[in-house]
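S.K.: Okay, here's the structure, questions in a sec.
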Amino acid sequence: MSSSPVSPFRGGSVSEAVSGAEIRLEKVTKRYPGSAEPAVDDVTMTIPAGKIVILVGPSGCGKTTTMRMINRLIEPTSGRISIGGEDALRLNPDQLRRKIGYAIQQAGLFPHFTVAQNIAVVPGLLGWDRKRIGDRVEQMMDLVGLDPKVFHDRYPRQLSGGQLQRVGVARALAADPPVLLMDEPFGAVDPITRGNLQDELLRLQAELRKTIVFVTHDFDEAVKLGDKIAVLGDRSAILQYDTPDAILANPADDTVAGFVGAGASLKQLTLLRVRDVELRKDTVTARLSDPPAQVRRELTERGETFALILDERDRPVRWAHVRDLASASSLSTAGKPVGDLVSLQSTLQDALEAMLVEGGAVPVTGPRGEYAGVIELDTVTATVQRLREEHS
Ligand code: ADP
Ligand code: MG
């Protein structure tokens with residue numbers, strides 16, 4: 001974003017690559033008046049600049065309280081919080097909040113403001129001129145995939161749940177804050193919209209490189225979005241703070257393991273890539289121009305039933321069964337087209353999904369789309385088995 005205002009945070013939006021700022025919590029405690037137990041007890045953690053850190057834990061464990069202390073919607077009882085090296089507790093809270101985007105479930109939009117007016121709130125508070133605000137509103141709507149021509153003057157009640165959340169994210173990003181706090185922002189939408197919003201957030205973040213603190217109680221969402229995940233227990237106690245794959249592979253204790261869930265080895269399929277497992281390399285292959293009878297002979301000699309047909313640039317195009325070849329005049333019409341392919345970069349989850357469509361074996365391609373081998377269902381099954389044994 002070229003229109004970035006000067007950040008109040010030292011080490012904030014200076015680097016061209018990372019616009020986020022590091023957040024540090026040191027021995028932070030919150031005791032609500034009248035409660036015997038603190039809601040957040042002595043939490044210390046560092047949230048690295050430009051990363052997405054997920055706070056995940058059961059309802060009531062203190063996620064929202066922890067997050068809201070970062071922008072001082074809730075004042076800590078004790079402890080220190082710094083953002084970009086600056087002591088957040090010594091800044092004026094209103095000014096602090098204008099530099100920290102905040103997106104919540106149900107989007108929290110003002111019902112009597114249009115979409116454009118909602119997005120313009122913080123730039124307005126910061127005293128930007130009308131032209132700059134207008135340009136920024138359009139830019140933000142584009143960024144979150146809402147056509148300004150359609151949505152500019154709509155009111156929140158005229159939007160779907162997913163559209164509301166997009167406006168919420170646009171509003172949170174409008175003043176280009178180095179830090180974005182998101183409290184179960186996609187909690188109220190259907191699973192498909194939720195998946196789309198998650199994908200959008202990852203796409204945005206690849207471009208923006210904000211420091212994002214994201215609260216959820218959904219571990220799958222945490223694995224999908226997090227560069228790091230903090231698994232929280234009662235009073236926001238940090239049970240484990242690590243990358244998603246490290247947590248999936250080695251839950252710190254039984255509580256974390258329980259939270260990770262029985263499907264942990266299946267979830268790990270989203271972290272492993274096709275290039276990490278053994279591919280079958282001895283599948284019979286042929287060229288489109290080869291005579292069908294010759295391919296049929298080779299299959300028979302090798303006791304195989306299927307040949308993979310490659311085009312002139314080595315890309316897999318068809319599967320031919322030995323039966324198809326007896327009467328075929330050309331390999332360009334024999335058998336059936338390859339339905340789904342995966343690349344060496346694809347996840348094992350992608351490969352598994354392709355197998356559900358293609359059958360038990362899926363062709364794998366290299367960087368230029370060229371044939372690199374075949375991944376088989378047995379390989380994926382064996383990987384799940386191995387992961388499960390490592391867990392137990
Ligand atoms: P989470 O977001 O993980 O569901 P919260 O941070 O909202 O958890 O709440 C943590 C604990 O603090 C809960 O026991 C909750 O009842 C309590 N709590 C939250 N807000 C207040 C408040 N304003 N006054 C008193 N207790 C509160
Ligand atoms: Mg909460």
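The values are calculated or read from the model by the stated rules, or taken from the named source; none is laboratory data. This one's a predicted model, so the numbers in the text were calculated from it and none came from an experiment. Cβ placement follows ideal geometry from the backbone for every residue including glycine, while neighbour counts extend to all protein chains displayed. For accessibility, only protein heavy atoms count, side chains too; no ligands or nucleic acids. Shrake-Rupley method; radii C 1.70, N 1.55, O 1.52, S 1.80 Å.
S.K.: Taking 7 Å along the Cα-to-C-beta vector as the label spot, tell me the THR46-SER289 distance in nanometres, rounded to one decimal.
M.R.: 6.1
S.K.: Here's another thing I want to ask about it. Lysines within cross-link reach of LYS27: Cα-Cα under 28 Å, excluding same-chain residues under 8 positions apart?
M.R.: Cross-link targets: LYS51, LYS63, LYS99, LYS210, LYS228.
S.K.: Which of the three applies to segment 309-358, rounded, prolate or oblate, going by the alpha-carbon gyration tensor with a ≥ b ≥ c and a/c under 1.5 meaning rounded?
M.R.: Oblate, because a/c is 1.5 or more while a/b does not exceed b/c.
S.K.: Moving on to the next point. Could you check the simple spin-label distance between ASP87 and SER59, using points 7 Å along Cα→Cβ, in nm with one decimal?
M.R.: Once both label points are built, they end up 3.9 nm from each other.
S.K.: When DSSP beta bridges are limited to those with both residues in the chain, what percentage is antiparallel, rounded to the nearest 5?
M.R.: 55
S.K.: Given the C-alpha atoms of the chain, compute the convex hull and give its volume per residue in Å³.
M.R.: It comes to 169 Å³ per residue, whole-number rounded.
S.K.: Follow-up. Taking 25 Å as R0, compute the FRET efficiency from the Cβ-Cβ separation of ARG280 and SER327 and round it to 0.05.
M.R.: It comes out at approximately 0.35.
S.K.: Give, in nm to one decimal, the length gained when the segment between ASP94 and ARG130 is fully stretched (0.36 nm per residue of separation minus the Cα-Cα distance).
M.R.: Full extension from ASP94 to ARG130 adds 10.8 nm.
S.K.: While we're looking at this one, here's another question. Could you work out the relative contact order of segment 197-351? I mean the mean sequence separation of Cα pairs under 8 Å and 6+ apart, divided by the number of residues, in percent.
M.R.: 17
S.K.: Based on the mean of other beta carbon atoms within 10 Å per residue, what is the order of 363-375, 163-175, most packed first?
M.R.: Packing order, densest peptide first, comes out as 163-175, 363-375.
S.K.: Run the numbers on the chain and let me know its relative contact order in percent, using alpha-carbon pairs under 8 Å that are six or more apart.
M.R.: Across the chain, relative contact order equals 16 percent.
S.K.: Another question, then. Want the number for ALA206 to ASP311: 0.36 nm per residue separation, take away the alpha-carbon distance, what's left?
M.R.: Value of the extension gain: 34.3 nm.
S.K.: With a 1.4 Å probe and all protein chains kept in place, how do PHE259, PHE219 rank by accessible area, largest first?
M.R.: PHE259, PHE219
S.K.: Just subtract the alpha-carbon distance of HIS112 and ARG80 from 0.36 nm times their residue separation and send over the number in nm, one decimal.
M.R.: So the extension gain works out to 7.8 nm.
S.K.: Rule-of-thumb check for segment 131-193: C-alpha Rg over 2.2 N^0.38 Å?
M.R.: That works out to 1.14 for segment 131-193.
S.K.: Going by alpha carbons, how many degrees (0 to 90, nearest 10) lie between the helix axis of 191-208 and the longest principal axis of the chain?
M.R.: The answer is roughly 80 degrees.
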